[in-house]
Amino acid sequence: MALRRLLLSTALFGAAYGGLVQKPNLVVPPAFGPYAAEVKEMFVGSYEAYKTYAWGFDDLYPMSKTGGNGRNGWGATIVDSMSTMYIMGLTDLFEEAVEFSSKIDFTQSKIPDKVSVFETTIRFLGGLLSAYEMSDGKYPALIERATELTDKMAYAWIGDNNIPHGFLNFTDNTAFIARTNIAEAGTLLLEWETLSKHTGNNTYAELTLRSQRHIASLPSPFPGLAVTWIQPDTGEWIGGYITWGGAADSYYEYLIKHARLSNTDDHLFADVWATAVDSSIHNLMKTSTVGNFTYLADFDSNSTIRHIGSHLACFHGGNWIYGGKLINNETIVNYGLDLVEGCWNTYSNTPSGIGPESFGYASSEGEYSGDTEPISDKQREFYNRTGFYPRNTNYILRPEVLESNFYAWRATGDTKYLERAVSAIKAFKKNLLAPSGGYASLDDVTLVEGPKLDFTESFWYAETLKYLYLTFDDPNHINIDEWVFNTEAHPFKAPLPKDTYAAPSRYQRPAPTRAWVLQGDPEDVDPGYYSVNPDRPGPTSAQRIFDTWN
């Protein structure tokens, strides 16, 4: 590790060395240092509640003081927490978790539910591999369990399919035949290629590269921006919905992170990512009529802009900062910082100090959100005060706003991002702390200390508390130029960075056709809201946007 840091330091000051994200010589001011210990205490309290009331289960129910299995009964919270424990120096908890994880039988689901290839990859496979790498290979049983698990998940590819099916029956190794989405099919590569690295079996990387390359190469309504839904058996799009939110988000994240983690000479991935960002700037980026906040809209199957955002989508600011630095494009970095401001607005302007699951806004182009009902008087009044309005008022312990805040701090060194993280700590303690000592979800962020929801997902331990902790931790401890985080915030060891990850020339995608774009999806899902919208006439107000690409 010392040699790696010496080489990285040399790279930082090399005359022509680029591809670096973290601000050189970054130091957390002494006034903010104690907050790392405070977040660590939050983690320990949360995890002790899990150990007391839900040990061995996937999830803690912090209000009723029990546990449940939402991830096939393999102890998701334990596996998902290991990398956070290691980073925080919680050696006893880490070794206990490794002991448990080393003995999981992944050949059978403990509950009759389907096995999600996506969720299992990012939480279980990612957690096992990261714990193995962070502990310098001390626990080979983690690779054995990772291999056993991934050999089962490989049945998601049927025959010559490029796109895997999203769900499996682990009892008979059959896939549930259904449509999937680009997040499910395109958020496997970091983990599977890391397993290939440690096993020498390149099949894992080849399968997921096949999927990622297929999605990145399909014609789409806007260059680089993939349609959300895809049919695994045909490899063709379903409908035309485009979003940076749920069901799409981490596909874009993995395009640029694969380029960084692999140092591949294939420019397809980084360039398609950059093209997607460029298309988003020209077509999806909107400014609110109140407060001038920057948001990314969705684009539906009727070629209509939807003025909506979501907590899930708020990873985009950090992703643009990260990728913009890698390709030496400060314009993208600055737009990323603008997106961070817009998402932080959804925290700073709620009574609870916490942002909602999804939100809407208005721009100079209108306020259409995809909802069949117009904005209510209450929502409009909220918007006129804040520059956004909640659509789904829940907060289910998601990390994305704090994730982007973390990247903004590490890239710029601006202490306002530390101040925001402090305010999040205070808001969490005030609104989420349960009698069990765990942290519960929140029913309505527009209320102060409102009703709680009895559920704690494993990503609270894996992501939310990790990003909060790392915001105040010594930046050289887990330097983001030495580690690449998977979408569940599990760090993987990265090679020394290249000069730049930008392609020498733009990757030319096939031109879309208007006839294809105007095909509607009979189940037009708005992933930012998780609801099915009824059929309606297709407004054409955004058609002029599409015209610019033909």
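The values are calculated or read from the model by the stated rules, or taken from the named source; none is laboratory data. Owing to the predicted nature of the structure, the values given are computational and were not obtained by experimental measurement. For neighbour counting, all protein chains shown are included, and Cβ atoms are generated from backbone atoms with ideal geometry for every residue, glycine included.
From the list Val401, Val445, the one residue that fits, being under 25 Å from the mean Cα position of the chain (by Cα), surrounded by 17 or more Cβ atoms within 10 Å (Cβ to Cβ), in a loop (DSSP other than H, G, I, E, B) and touching a residue at least 60 places away in the same chain (Cβ under 8 Å), is Val445.
Select from segment 434-474 the residues that are aliphatic (A, V, I, L, M) and in contact with a strand residue (DSSP E or B) (Cβ under 6 Å, 6 or more places away or on another chain) and write down the one among them that is farthest from Val401 (Cα to Cα). So that I can check it myself, show each step before the final result.
Initially, segment 434-474 is screened for residues aliphatic (A, V, I, L, M), giving 434, 440, 442, 445, 447-448, 453, 462, 465, 468, 470.
Adding the requirement that they be in contact with a strand residue (DSSP E or B) (Cβ under 6 Å, 6 or more places away or on another chain) leaves 440, 442, 445, 453.
On the way: Ala440: 18, Leu442: 16, Val445: 14, Leu453: 20 Å.
Checking each candidate, the answer is Leu453.
Considering (1) in contact (Cβ under 8 Å) with a residue 12 or more places away in the chain; (2) part of a helix (DSSP H, G or I), the lone condition that Thr331 does not fulfil carries the number (1). For segment 103-117, a residue qualifies if it is loosely packed, with under 15 Cβ neighbours inside 10 Å and closer than 21 Å to Met82 by Cα, and the qualifying residues are Lys103, Asp105.
Which residues, counting only those in segment 154-182, are within 24 Å of Ile78 (Cα to Cα), within 21 Å of the chain's Cα centre (by Cα) and either outside any loop (DSSP other than H, G, I, E, B) or among the β-branched types (Val, Ile, Thr) (or both)?
Phe167
Highlighted here are the helices (runs of 4 or more DSSP H) found entirely within segment 196-299 that include at least 2 residues which are surrounded by 18 or more Cβ atoms within 10 Å (Cβ to Cβ), among the aromatic types (Phe, Trp, Tyr) and modelled with pLDDT of 95 or more: 249-262, 268-283.
Could you tell me how many of the residues in segment 405-419 are buried (at least 17 other Cβ atoms within 10 Å of the Cβ) and farther than 15 Å from Leu339 by Cα? The number of residues fulfilling the criteria is 3. If you take the residues in segment 462-505 that are among the β-branched types (Val, Ile, Thr) and in a loop (DSSP other than H, G, I, E, B), which one is nearest to Arg410 (Cα to Cα)? The extreme case among them is Ile480. If only residues of segment 484-500 that are polar (S, T, N, Q) and closer than 17 Å to Thr120 by Cβ are counted, the one that is surrounded by the most Cβ atoms within 10 Å (Cβ to Cβ) is Asn486.
Taking only segment 41-78 into account, find how many residues are β-branched (Val, Ile, Thr) and more than 22 Å from the chain's Cα centre (by Cα).
The first filter runs over segment 41-78 and keeps only residues β-branched (Val, Ile, Thr), leaving 44, 52, 66, 77-78.
Of the ones still in play, those that are also more than 22 Å from the chain's Cα centre (by Cα) are 44, 52, 66.
Residues flagged as β-branched (Val, Ile, Thr) and more than 22 Å from the chain's Cα centre (by Cα) within segment 41-78 amount to 3.
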